[in-house]
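Just below is one structure, and these are the notes that go with it.
Every number in this text was worked out from the coordinates using simple rules, so none of it is lab data. Predicted model only: the values in this text are computed from it and were never measured. Because the Cβ atoms are built from the backbone with ideal geometry, glycine has one as well, and the counts that use them run over all protein chains shown.
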Amino acid sequence: MDVTDIERHFEIDVPRRALSNPILRYAIFTFSSRHMNRHPEGDWTEALQYHTHCLQLLIPVLSGRSEDYTDEILAAVAILRLNEEMDGNTFVVTLTMYELTNAQYTTIDFI
């Protein structure tokens, strides 16, 4: 994620912030576990458990005021989105999310 960031925020700053932010921590756990099990026989159970826990913490925050979104929340959303993209277009995924710029409820279909 830091390809164009010479300060390497996702490599250096995000893991440090995850130590004190459970949403960001579980987003990292989700992506890491999913990445480690990308082979055809991989078991995604652990990644799904982390993902579920992260969403249970994240959804109430995203349901609040957009002024309360922190850098950690935005980084967690970016990591979770990258996690969804890991499989390319193998599955049809319906993503329901809050548009972070103006907190409008939207549904987006990815094929």
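Once you put a point 7 Å from the Cα of residue 46 and another 7 Å from the Cα of residue 5, both along the Cβ direction, what distance in nm separates them?
Simple spin-label model gives 2.5 nm for this pair.
What order, most packed first, do the peptides 74-85, 35-46 have when packing is the mean number of other Cβ atoms within 10 Å of each residue?
Those peptides, ordered most packed to least, come out 74-85, 35-46.
What nm value, rounded to one decimal, do you get for the distance between residue 84 and residue 37 when each label is placed 7 Å out toward the C-beta?
My value for the distance between the label points is 2.0 nm.
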